[in-house]
Amino acid sequence: MRTIRILSILLVVSMILPLASCGPKGGGTIKIGVIAPMTGDVKTFGESTKNGVQMAINEWNAKGGINGKTLEMVLGDDKNDPAEATNAATKLIKQDKVKFIIGSVSSKCSIPISVIANDNKVVMISGTSTNPKVTVADGKRKEYVFRACFIDPPQGSAMAKFALETLKIKKAAVFYDNGNDYVKGLAEFFKAAFEKGGGTVTVYEAYSKDDTDFSALLTKVMADPPDMLYIPDYYNMVNLIAKQARDKGFKGILAGGDGWDSSDLDVKATEGGYFTNHYSPDDPRPEVQNWVKAYKEKYGSVPDALATLGYDAANLLLNAIKTAGTEDTAKVKDAMQATKGFKTVSGEISFDQDGNPTNKDIAILQIKGGKQVHVTTIKP
Amino acid sequence: MSYVLQQLLNGIALGFVYALIALGYTMVYGIVRLINFAHGDVFMVGAFIGYFTLRALSKVTLTGIAWLDGLLLFLLAMLAAMVVCTALNVAIERIAYKPLRNAPRIAALITAIGVSLFLEYFSSLKFVFGPNYITYPTPLPMVNWEIGGLRISILQVLIAVVATLLLLALNYIVHYTKMGKAMRATAFDRDTARLMGIDVDLTISFTFGLGAALAGAGGVLYATAYPRIHTFMGIIPGLKAFTAAVLGGIGSLPGAFVGALIMGVAEVIAKSIYSTIADGVAFLVLIIVLLVKPAGLFGRAEVEKV
């Protein structure tokens, strides 16, 4: 009898508690949702993005917030898995009542999130999702969705152009993950541009994300050794393939996309390799140098592109909220679309009709002596 | 021609690693008629123990000669993995499987799946191994030789040598020691073995431990060859090794070894022709063999004991 009474009291309390926490919260905050891969195969991407957004939010709060309200970050972990990304987005929108989302990092997660955000009229901006499908689906623009980075067609062609014109490479092989929109897109655009410029793609092979043994594919590549092996995947996969490629006697150049930008990249195996990226910390512009200095002071390392674009995306969003003067997402979306020449670390940003920044430069970096060195910047 | 030989060589190297896992499946099945689905996860634990050992010893110099140090570190990591995996598998047997020894087989099978999921999810907690992908450190220098148009890397040699030595040791234990005799007797007829004065519990524990030691060594070898580890890495190699054991005739040691080599070669050949159908082909080989020879290549058709 007694246990039943205790149980029923517990039950009643547990029903009241969530109600209590639903009460008015002072009304003094604007919640900014952030979705990023905090764990899993690309966790350094998530950590950097979060740091970048946090820096922007801290700076705006130090200036008194927006419209007298302070900004608060609500973090969701997508584990770089589209299903988890959907869960995180639904939780942020339905449970935390977030009206603005920054994220996610990889395109395969941002694409499902963008559908949910657009349907719920939540303004979303991704820092680093480069696949065209993030903002557009079947030729139709998702009006509430933006990004702060360039898209994959120019990124893939930039590396192809660099390989053909600067490195004078005529033969390349390409590996890509069949189940990853970002990797697949980059591989396609690289191949198209490389072949159009007169180069030959000797081997163009797919793998799946759980594959570990590349000996068969690499033996195929080595039957007619190319000068370049293009692997536009994330760093952990690049580590896996690069080491096996060296083991199989591949002496040429390894190359890839912005997924290489991580402190966990195996610099020994990728030494001498090139990758396309969103910015270079060596850029002398004051925006870049101030940012690098501030980030170093807080986190003790040079910001990678993920941190930089997290920071840029947050600034773009917060600027649009401020310009709109309200948290009404329809008005914020219009203010964002109207952004003209907004100065960010990775360049001056205006949006085209697809929600993509126009005129973004593409930096080409080289792994040299275990460090990233800026080689050149390509204007698309 | 050398292209085909090179691909065969790749397949055999992969097959050796599968063999180390497959033997554990087949031994355990032979003795307690249980498919130990947690075996692939013991393999994963082995890879992680190797990683922690390598990381802890990364600053230590033993002899001052770089390549010899690397080799010794690698062997130490493997030894640590073997010891820990043995202890782990013996504990799993004592806690999870022993109470169910006389229960219906399906109960033990479901428990094995439960243990497997437990190992995967428990070890992916932040304070255990963590949920992240880790790039495996390689203590060995990257060296490869070209012999008659074939390219052989130091890793392939190492995998072949270490796996062969372990398999010879296993063969010796099973066929030429008292414990091996007890294992074979228990596998043949547990009750009679007990009547003959064999400590059946000890023998079963020993079998689990032996299988786990091979899986642990396999984990370190696999992670060194394919340097990316995470807590779900054991699922696919585990499934493939299990398939190899069934292909060779589950319960048969030579069968598991040959089955693993066939799986490795089939996978690599398929991959070299069309990369995304590799796994499909490996399992297709299994289906064909089972249709033609239901007990597997080396298995004996067995009458269900009542």
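Overview of results
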item	result
Nearest-20 debye value, chain A charge dipole, Cβ charges on Lys, Arg, Asp, Glu	820 debye
Computed [θ] at 222 nm, helices only, for chain A once each DSSP H run of length n ≥ 4 contributes -39500 (n - 2.57)	-13000 deg cm²/dmol
Relative exposure of B:Lys240, A:Lys170, A:Lys63, judged by other C-beta atoms within 10 Å (fewest first)	A:Lys63, A:Lys170, B:Lys240
Residues B:Phe52, A:Phe146 arranged by fewest to most Cβ contacts within 10 Å	B:Phe52, A:Phe146
Karplus-derived HN-Hα couplings along the stretch B:285-294 (A = 6.51, B = -1.76, C = 1.60, θ = phi - 60°), whole Hz, x at Gly and Pro	4, 4, 4, 5, 4, 5, 5, 7, 9, x
Cβ charges +1 (Lys, Arg) and -1 (Asp, Glu), total dipole of the protein assembly as shown, debye	960 debye
The stretch B:1-116 shape via C-alpha gyration tensor axes, a/c threshold 1.5	oblate
Fewest-first ranking of B:Tyr176, B:Tyr222, using other Cβ atoms within 10 Å as the exposure measure	B:Tyr176, B:Tyr222
Convex hull (Cα only) mean projected area of the stretch B:177-234, reported in nm² to one decimal	5.2 nm²
Scaled radius of gyration (Cα, divided by 2.2 N^0.38 Å) that the stretch B:107-266 gives	1.23
Within the protein assembly as shown, percent of DSSP bridges classed antiparallel, to nearest 5	45 percent
Kirkwood Rh (inverse of mean 1/r, distinct Cα pairs), the stretch B:15-234, angstrom	18.3 Å
Cα shape, the stretch B:203-300, gyration tensor, a/c 1.5 rule	oblate
Cβ-defined net charge surrounding A:Gly179, 9 Å radius [Lys, Arg +1; Asp, Glu -1]	+1
The protein assembly as shown shape via C-alpha gyration tensor axes, a/c threshold 1.5	oblate
With Cα atoms, 0 to 90° folded angle of helix B:105-123 axis to chain B main axis	30 degrees
P(r) tail fraction, chain A - alpha-carbon pairs more than 33 Å apart, %	32 percent
Cut-off under 5 Å, modelled amide H: who pairs with A:Tyr204 long-range	A:Val174
Net charge of Cβ neighbours under 12 Å - reference A:Arg246; Lys, Arg +1; Asp, Glu -1	+2
Top positive-direction residue, dipole computed over the stretch B:15-234 with Cβ charges, set B:Phe208, B:Phe127, B:Thr138	B:Phe208
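Taken together, the values in this text are just the output of simple stated rules run on the coordinates, not laboratory data. Small disclaimer: the values here were computed from a predicted structure and weren't measured. When we count neighbours, we look across all protein chains shown, and the Cβ atoms used for this are built from the backbone with ideal geometry, even at glycine.
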